[in-house]
Every structure is written in C-alpha cells, then in structure tokens.
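Participant: Submitted below is the structure of interest, expressed as structure tokens.
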Amino acid sequence: MIKIYSTEKGTFLKKVNKSEIELNRFLSENWIHFFPQYIFIKSEFTLDGNVRSRGTSGRIDILAFNPKTNRFVVIELKRDIDKNIRNQVSDYRDFIEDNFAKIYLLTTQKFNIELPKYETIAEDSIEVVMIAKSFSQTDVDKARKSSKEITLIKYVWFENQLLLIDYLNNDPDDLIEKGKIALASIIPR
C-alpha cells in the first residue's frame, strides 16, 4: 500500500476520495504538468450518434492529440476500478475512426486547435489513456501487449491536493530516457 509521509506535518497524509469530475478538472487545469506530450483539445468531448455499443451517445472525458504520432488520444477517467472501461474506450475509438472527418473539423474549427493536415493524421489508429485507481489484470496484460496505443495510469489522491500517478506502461519519462540513450549511442565522440 502506498503511503506518503509529510515531514512538515510529521505524519502520513490521508488518502481522500474525489469524484471523476474533480479528477478531470484537476488534470485539465494542470495539463502541461501531467501530459506535456499531448495537445489538449477538450474536456467532456460530446459524441452525438450511435456511439456506445448500446446505441447511445457518449462523452469522452478528455480528447487530446499526440503530435509525435499524429493520432487522436482518448483519455478515459474512472474514480475507482471499472470493468467496463476497456469496452467504453473501444466504443469511443471506433466512433472517432468512423466519424474521423467530423471529429477533425470540430477540433480545428469549433475548438480552434491547430492540427496537421487532415490527410497526414492516422484515422485508423487512436491512442487510449485509461486512468483509474486500479485495473484488472486483463486490462494490464492487454495494454502491455498493445505497444504504445494503450496507456494505463493508476492514481491515488491524498490530502493537501496531492495526486500520485503511476504509469503501468508507456511512461513518457522512460521513453525520453530510452531516446537519450539511443541518441547518445549514435552521436560520434
């Protein structure tokens, strides 16, 4: 069990429960610190039409764009563990692929986000970031096998507005370090 000790208070900080809305707001307001590798598009991105497998509309918690891979990124948040999270993001991913032109136009025209030219963006490969307190072993196994298309992040809230995040795979800091190592090995001395 993760604990955080405060030297200032001389005690362990208490875990607190926050809503999914509060988590969304906190991440959106502090976007550059948590996801500097992505371009923020919109929180609560509404999808109209036959989105979910049950035939209802949907709402992506956060829609972003990865300029390095030229892919949209669906970020789904859950307050706790949710056994349905994988199905939900799969529905969102399918909807974006099926309605790619509409999503591109909404992003560039309604939300004024500058994206690369339409034809250079990967329509059929949407990245997914799932954030929850915990994940099933099946979710973890599938994410690790997916290469860089699915990222899982566990989180724990503590008092004093402290948020601990743990990348279960695809940690951007690890990728940066690997890049530095690879770069160092090809630079002549």
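The values are calculated or read from the model by the stated rules, or taken from the named source; none is laboratory data. None of the values given here were measured: they were computed from a predicted structure. Neighbour counts are summed over all protein chains in view; Cβ atoms, including those assigned to glycine, are modelled from backbone coordinates with ideal geometry. All accessible areas refer to the heavy atoms of the entire protein, side chains included, with ligands and DNA or RNA removed. Shrake-Rupley method; radii C 1.70, N 1.55, O 1.52, S 1.80 Å.
Participant: Too long at a 31 Å Cα-Cα cut-off: which of Lys18/Lys142; Lys3/Lys68; Lys18/Lys42; Lys14/Lys145; Lys9/Lys42; Lys18/Lys148?
Facilitator: Working: Lys18/Lys142 27 Å; Lys3/Lys68 35 Å; Lys18/Lys42 21 Å; Lys14/Lys145 35 Å; Lys9/Lys42 37 Å; Lys18/Lys148 29 Å.
The pairs that break the limit, which is 31 Å between Cα atoms, are Lys3/Lys68; Lys14/Lys145; Lys9/Lys42.
Participant: Please list Phe111, Phe72 from largest to smallest accessible area, probe radius 1.4 Å, with all protein chains kept in place. Spell out each step's value before the answer.
Facilitator: Details: Phe111 55, Phe72 0 Å².
Correct descending sequence by accessible area is Phe111, Phe72.
Participant: Also, I was wondering about something else. Please build a GNM for the chain, connecting alpha carbons under 10 Å apart, and tell me which residue among Ile21, Ile126, Ile150 fluctuates the most.
Facilitator: Fluctuation is largest for Ile21.
Participant: Right, next: Taking only the alpha-carbon atoms of region 76-157, what semi-axes of the equivalent ellipsoid follow from 5 times the gyration tensor eigenvalues under a square root, in whole Å, largest first?
Facilitator: Working: eigenvalues 147, 40, 26 Å².
Equivalent-ellipsoid dimensions as semi-axes: 27, 14, 11 Å.
Participant: If you look at just the Cα atoms of the chain, how large are its Rg and its Dmax in Å?
Facilitator: Expressed in Å, the Cα Rg and Dmax of the chain come to 18.0, 60.
Participant: Take the solvent-accessible surface of the protein heavy atoms, probe 1.4 Å, and return the percent of it on region 47-160 that carbon and sulfur atoms account for.
Facilitator: Working: 2430 of 5620 Å².
Carbon and sulfur together cover 43 percent of it.
Participant: Rounded to the nearest 0.05, what FRET efficiency is calculated for Glu119 and Thr7 with R0 set to 41 Å and r the Cβ-Cβ distance? Intermediate values should be presented prior to the final figure.
Facilitator: Values: r = 55 Å, r/R0 = 1.33.
Calculated transfer efficiency: 0.15.
Participant: Would you mind calculating the gained length between His33 and Phe111 on full extension (0.36 nm times residue separation, minus the Cα-Cα distance), in nm to one decimal?
Facilitator: 25.9 nm
Participant: Would you mind telling me which residue in Thr151, Thr46, Thr120 has the biggest mean-square fluctuation in a Gaussian network model of the chain, where springs connect alpha carbons within a distance under 10 angstrom?
Facilitator: Of Thr151, Thr46, Thr120, the Gaussian network model singles out Thr120 as fluctuating most.
Participant: Rounded to whole Hz and in sequence order, give me ³J(HN,Hα) for region 139-151 from the Karplus expression 6.51 cos²θ - 1.76 cosθ + 1.60, θ = phi - 60°, writing x for Gly and Pro.
Facilitator: Working through the residues one at a time gives 4, 4, 4, 5, 5, 5, 7, 7, 6, 10, 7, 10, 10 Hz.
Participant: ³J(HN,Hα) across region 120-127 via Karplus (A = 6.51, B = -1.76, C = 1.60, θ = phi - 60°), whole Hz, x for Gly/Pro?
Facilitator: Per residue, the Karplus-derived 3J(HN,Hα) values read 8, 8, 6, 6, 9, 9, 9, 7 Hz.
Participant: Here's a follow-up. Please work out how much accessible surface Leu162 shows to a 1.4 Å probe, ignoring ligands, DNA and RNA, in Å² rounded to 10.
Facilitator: For Leu162, solvent-accessible area is about 70 Å².
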